[in-house]
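The next block holds one structure in the form of structure tokens; read it before the comments.
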Amino acid sequence: MIRSFGANEFWFIVLAAQWTVALSAVAFTGGALGGLAIALARISQTALLRYPAIGYVRLFQGTPLLMQLFLVFFGFNIFNVSMSPWGAAAIALTLHASAFLGEIWRGCIQAVPGGQFEASWALGLKYYDRMRYVVLPQAAKIAVAPTVGFLVQLIKGTSLASIIGFVELTRAGQIVNNATFAPFTVFGLVAALYFILCWPLSLLARNLEQRFSVATRR
Amino acid sequence: MPDAASQVTIQETDPGMPAIRMENVDKWFGHFQALKNIDLEVDRGDKIVVCGPSGSGKSTLIRCINQLETVQRGRIFVDGIELTAGPKNVEKIRREVGMVFQQFNLFPHMTVLQNCMLAPMKVRGVKRAEAEETARRYLARVKIPEQAEKYPAQLSGGQQQRVAIARALCMNPKVMLFDEPTSALDPEMVQEVLDTMIDLAQEGMTMVVVTHEMGFARKVADRVVFMDKGEIVETGDPETFFSNPRHQRTRTFLGQIGGTQ
């Protein structure tokens, strides 16, 4: 029999948003660490670091996120390692975010004027100090806006994890819809919740972008 | 006194070796040969001015001295250590060679004081209090002690360049390289930077200066090196160089920049 869409259904969907947030947070944190490594490898003088990083970025930028999720989820099971949908989603999205953040941040590092690198070489600063104190702080300023922009993409991207059975916002919507057959209400609510998560971030990204362009105009 | 201290260091290490020696140095950018068979020796305390038309290789020449550019042939020694022998030596030498750039290249996200303290603390392992004291002392010496807490963008070009000089001096270098230090400045700010450099020269610093400021060359240089098309065409003391240049190319150049009068 068909259930009606009531308070229980409403809260089931709203509370599932926490898993969307959790998955986004994990993927973003992992992606930030991976992305920094990828970005640094991409601009390395050492070909042995640079080429694998380029290959990694091309691979993940050139395939759909859904395939990446499938490959991680089913890949582990092929090797008889049981992998929960949560684990598979977290790993796949982390790998995905690493590639994209790595490429965004590479661009930001390369946007730091060459004279800054030269000045830090000329002072005798070693790689770590050069990056930590001179280059990355300047690159970070440039990176904030596009990074927040990518975070919005990532949050929306977590909806694909529903397909491997991870119960986040979209999957919760599907479950409720299967019981209530009220797709417009259900997915309207789901979309609204994504919007509530993403819209403030979009505003923030735009605001930061404007502040950055003002700061660099002088 | 800081000046005495830096003098002592200059005297203490390898007094027999010249501060800089370049032997048969060739450099190519792809198919373009930027330096051709360069031989140059700079003694301790010498002030060398390198001049020449744009694209003559003068900037490339001094950038080779701290290996911002690598060379394809020849040997470069700084303070008796061969730079062209491997990356370990390069790191060692960069600490001892201060460089001042045309575009200042101050770190924009740090205050003037932080700009001056970073390398001594991270490269030399100097304690914060000591690094700050040294930085303030050199900022006073380039006559901008009151700007220490400001950010580079809040300063004029001339002030920024003097900070850049102070930042290099904080490392207590044995040699100072200047790559067209006044070319990016508004005309009214050129003199304040040149005055700072003249002070430095009079204190006995070894200096290699790429510049078109021929007044500075006359006043300060022990030798003027004229380059054209990647070669050293002529070297001489400023008196002879300006009044009686041997080569036609030199005469043409001096005529163009108004250096002979």
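For the reader, a short list of remarks on this structure follows.
- Reach of B:K27 by Cα under 12 Å, taken over aspartates and glutamates that are not fewer than 8 positions away in the same chain: B:E69, B:E231
- Partners for B:K92 among lysines (Cα-Cα distance below 17 Å; same-chain residues under 8 apart left out): A:K126, B:K122, B:K174
- Approximate spin-label separation A:C198-A:L66, in nm, with each point projected 7 Å along Cα-to-Cβ: 1.6 nm
- For B:R73, the shell of other residues with beta-carbons less than 12 Å away shows a net charge of +1, using +1 for Lys and Arg and -1 for Asp and Glu.
- For B:V50, distant residues with modelled amide H under 5 Å away: B:V209, B:V210, B:T211, B:V225
- Choice from A:S202, A:S44, A:S159 showing the highest fluctuation, given a GNM over chain A with Cα pairs closer than 10 Å: A:S44
- Mean per-residue shielding of peptide B:101-108 is 5, counting Cβ atoms of other chains within 10 Å of each Cβ.
- Listed values for the stretch B:40-48 are Karplus-derived 3J(HN,Hα) couplings in whole Hz (6.51 cos²θ - 1.76 cosθ + 1.60, θ = phi - 60°), namely 8, 10, 10, 7, 4, x, 6, 10, 10, and x replaces Gly and Pro.
- Placing +1 on the Cβ of every Lys and Arg and -1 on the Cβ of every Asp and Glu, with no other charges, gives chain B a dipole of roughly 560 debye about its Cα centre.
- Antiparallel DSSP beta bridges within the protein assembly as shown, percent to nearest 5: 55 percent
- Counted charge near B:K58, where neighbours are those whose Cβ lies closer than 9 Å (Asp, Glu -1; Lys, Arg +1): -2
- Taking every alpha-carbon pair under 8 Å whose residues sit at least 6 apart, the stretch A:7-217 reaches a relative contact order of 29 percent.
- Segment A:N77-A:I163, extension gain: residue separation times 0.36 nm, minus the distance between their alpha carbons: 29.3 nm
- Sequence-distant residues sharing a close amide H with B:M99 (under 5 Å, placed H): B:L177
- Here B:D39 and B:D186 are evaluated by their C-beta separation; at R0 = 41 Å the FRET efficiency comes out at 0.65.
- For chain A, calculated [θ]222 nm from helices alone, where every DSSP H run of n ≥ 4 adds -39500 (n - 2.57): -26500 deg cm²/dmol
- Two-site FRET efficiency, A:Q45 against A:W11, from Cβ-Cβ distance with R₀ of 41 Å, rounded to 0.05: 0.15
- Size descriptor, Kirkwood hydrodynamic radius, that averages inverse alpha-carbon separations across chain B, Å: 18.8 Å
- Selected from A:V144, A:S24, A:P64, residue furthest toward positive end of dipole (the stretch A:7-217; charges at beta carbon): A:V144
- For the residues B:P18, B:P87, B:P120, a GNM of chain B with alpha-carbon springs under 10 Å puts the largest fluctuation on B:P87.
- Prolate/oblate/rounded call for chain A, Cα gyration tensor, a/c under 1.5 rounded: oblate
- Residue-wise HN-Hα coupling along the stretch A:58-70, computed from phi with Karplus coefficients 6.51, -1.76, 1.60 (Hz; x: Gly, Pro): 4, 4, 7, 7, x, 10, x, 4, 4, 5, 4, 4, 4
- Per-residue [θ]222 nm for chain B (sum of -39500 (n - 2.57) over DSSP H runs n ≥ 4, rounded to 500): -12500 deg cm²/dmol
- Estimated inter-spin distance, B:E91 and B:E69, nm [label 7 Å along Cα→Cβ]: 2.6 nm
- Two-site FRET efficiency, B:K150 against A:V144, from Cβ-Cβ distance with R₀ of 25 Å, rounded to 0.05: 0.55
- Gyration tensor (alpha-carbon) shape descriptor, the stretch B:216-261, a/c threshold 1.5: oblate
- Summed side-chain charge close to B:R128 - residues other than B:R128 whose Cβ falls under 13 Å, Lys, Arg +1, Asp, Glu -1: +1
- Between B:R124 and A:T180, the modelled labels are 7.1 nm apart [label points 7 Å from Cα along Cα→Cβ].
Values quoted throughout were computed directly from the atomic coordinates according to the rules given, and no laboratory measurement underlies them. It should be emphasised that the depicted structure is a prediction, and the values quoted were computed from it without experimental measurement. Cβ sites come from the backbone with ideal geometry, for glycine too, and all protein chains shown count toward neighbours.
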